[in-house]
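In what follows, a single structure is set out as structure tokens and then discussed.
The values are calculated or read from the model by the stated rules, or taken from the named source; none is laboratory data. Small disclaimer: the values here were computed from a predicted structure and weren't measured. Every residue, glycine as well, gets a Cβ built from its backbone with ideal geometry; the counts of neighbours run over all protein chains shown. Remember, those area values only see protein heavy atoms, side chains included, never the ligands or the DNA or RNA. Shrake-Rupley method; radii C 1.70, N 1.55, O 1.52, S 1.80 Å.
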Amino acid sequence: MRYLLPLFAFLVLAVFLFVGLSLNPRQVPSPLIDKPAPEFQLYSLHEPDRIFSSKENIGKVWLLNVWASWCVACRDEHPLLVQLANSGIVPIYGLNYKDENTTAKQWLKHFGDPYIASVVDPDGAVGIDYGVYGVPETYVIDKQGIIRHKQIGPVTVDSLQNKIIPLIVELQKQT
């Protein structure tokens, strides 16, 4: 019995390790999927006198992209977001996460601004409400304000073509 207990403990640990290594780190389950998107009211990056409310988007499918000028991966996805914005398929709103306003504005001026509006989340409180692990993250939100998809990490051509755009098209057909 004395020898079986360590063997049993080793086998349990080996099973957990095997299962853990087989998981995709980009597919972290979000408890917010199919739940109402947390409401927020934040100042606009470009118009500090204007407060944007997430309630303004009830009735339309939209993307919320969490980004920052200090984020290297945000640069990777940014050209795709600009292309998506130019296509007119879906409105994209930015959540500027824990960033300096001046630097963020310069970054958008240099790389292009795909956002209908970008709002400022200086302390990351809204990011916490959305369960942000790190930037970039992108949320697909339906007409009723329900989160239908969370893209952890940069948006890629593959994720756009195979998941995000088909989901947007499907959600836009719903009443």
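Summary of values
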{"item": "TRP70-PHE111 FRET efficiency (beta carbon distance; Förster radius 22 Å; 0.05 resolution)", "result": "0.95"}
{"item": "Over the chain: Rg over Rh, Cα atoms, Kirkwood Rh", "result": "1.11"}
{"item": "Out-of-range pairs (alpha-carbon distance over 27 Å; input LYS105/LYS173; LYS55/LYS150; LYS35/LYS173)", "result": "LYS105/LYS173"}
{"item": "Ranked by how many other beta carbons lie within 10 Å on average, peptides 56-63, 123-130 from highest", "result": "56-63, 123-130"}
{"item": "Fraction of the pair-distance distribution of region 103-175 above 14 Å, Cα-Cα pairs, percent", "result": "70 percent"}
{"item": "Two-site FRET efficiency, ILE165 against LYS143, from Cβ-Cβ distance with R₀ of 22 Å, rounded to 0.05", "result": "0.85"}
{"item": "Approximate spin-label separation LEU13-LEU32, in nm, with each point projected 7 Å along Cα-to-Cβ", "result": "3.7 nm"}
{"item": "Proximal lysines relative to LYS109, as straight alpha-carbon distance under 23 Å, when same-chain residues fewer than 8 apart are discounted", "result": "LYS98"}
{"item": "FRET efficiency for ILE128 and LEU4, using Cβ-Cβ distance with R0 set to 41 Å, rounded to 0.05", "result": "0.35"}
{"item": "By accessible area with a 1.4 Å probe, ligands and nucleic acids excluded, highest first: order of THR138, THR156", "result": "THR156, THR138"}
